[in-house]
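Chemist: Starting off with a structure, shown below.
Please treat every number below as a calculation from the coordinates, not as lab data. Bear in mind the structure is a predicted one, so any value in this text is a computation, not a measurement. Here the Cβ is made from the backbone with ideal geometry for all residues, glycine too, and neighbour counts use every protein chain on show.
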Amino acid sequence: MLKSIEIVLKPRINLLDIIKDLTPEQLNHVPEGFNNNIIWNLAHIISAQQGICYTRAGVPIITHDKYYTPYRPETKPSSFVAAEDIATIKELFLSTIIQLEADFLNNVFTTYPAWSTRYGVEIDSIETAIQFLPFHEGLHYGYIWALKRVVERSKTI
């Protein structure tokens, strides 16, 4: 496995373990003071990886659009995510990064136009796009931890 992919995959595995005991209600709960919930953050990580690596490279995304567009930047949870969609999101959370490695090794990403992230990071190749993923995912990892603590303390869910 490519080291850059492993650096993304291992925290994703860990994150799924951290939330494995949460109910669909807990995963969907948007606590006071937050703009989103745990399941939105998981799906957003998938959506962002698809956008950063596939859409920006002019390559079709590998997920169904229902797991892409509603979780793009500047979106918020718009409806309750049912248990079967939660299961799909959890599966995509791992399978999309594994497929990214396969697509990278199969030279699917033949062009990649340069762009600058909102964090001031210049991305000019699929390699730098993959290297950027841990930074972005780390932000959402922290959000998920904070949401989990609040959700577990809540007595109303």
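Chemist: Is there a residue in the range 25-39 that is buried (at least 16 other Cβ atoms within 10 Å of the Cβ), in contact with a strand residue (DSSP E or B) (Cβ under 8 Å, 6 or more places away or on another chain) and over 16 Å from Trp145 (Cβ atoms)?
Modeler: no
Chemist: Of these, Ile46, Ile61, which one is over 16 Å from Ile144 (Cα atoms) and either surrounded by fewer than 14 Cβ atoms within 10 Å (Cβ to Cβ) or touching a helix residue (DSSP H, G or I) at 6+ places or on another chain (Cβ under 9 Å) (or both)?
Modeler: Selected residue: Ile61, the only one of Ile46, Ile61 that is over 16 Å from Ile144 (Cα atoms) and either surrounded by fewer than 14 Cβ atoms within 10 Å (Cβ to Cβ) or touching a helix residue (DSSP H, G or I) at 6+ places or on another chain (Cβ under 9 Å) (or both).
Chemist: Would it be correct to say that Phe93 is surrounded by 12 or more Cβ atoms within 10 Å (Cβ to Cβ), farther than 29 Å from Asp21 by Cβ, of a type outside the set (A, V, I, L, M) and touching a helix residue (DSSP H, G or I) at 6+ places or on another chain (Cβ under 9 Å)?
Modeler: no
Chemist: From (1) among the aliphatic types (A, V, I, L, M); (2) over 19 Å from Leu139 (Cα atoms); (3) surrounded by fewer than 16 Cβ atoms within 10 Å (Cβ to Cβ); (4) within 16 Å of the chain's Cα centre (by Cα), pick out the condition that doesn't hold for Leu16.
Modeler: It fails just one condition, (2).
Chemist: Does the range 64-78 contain at least one residue that is more than 16 Å from the chain's Cα centre (by Cα) and more than 16 Å from Ala129 (Cα to Cα)?
Modeler: yes
Chemist: I'd like to know if the range 129-146 contains one or more residues that are without any contact (Cβ under 8 Å) to a residue 60 or more places away in the chain, surrounded by 15 or more Cβ atoms within 10 Å (Cβ to Cβ) and of a type in the set (Val, Ile, Thr).
Modeler: No - not one qualifying residue is present in the range 129-146.
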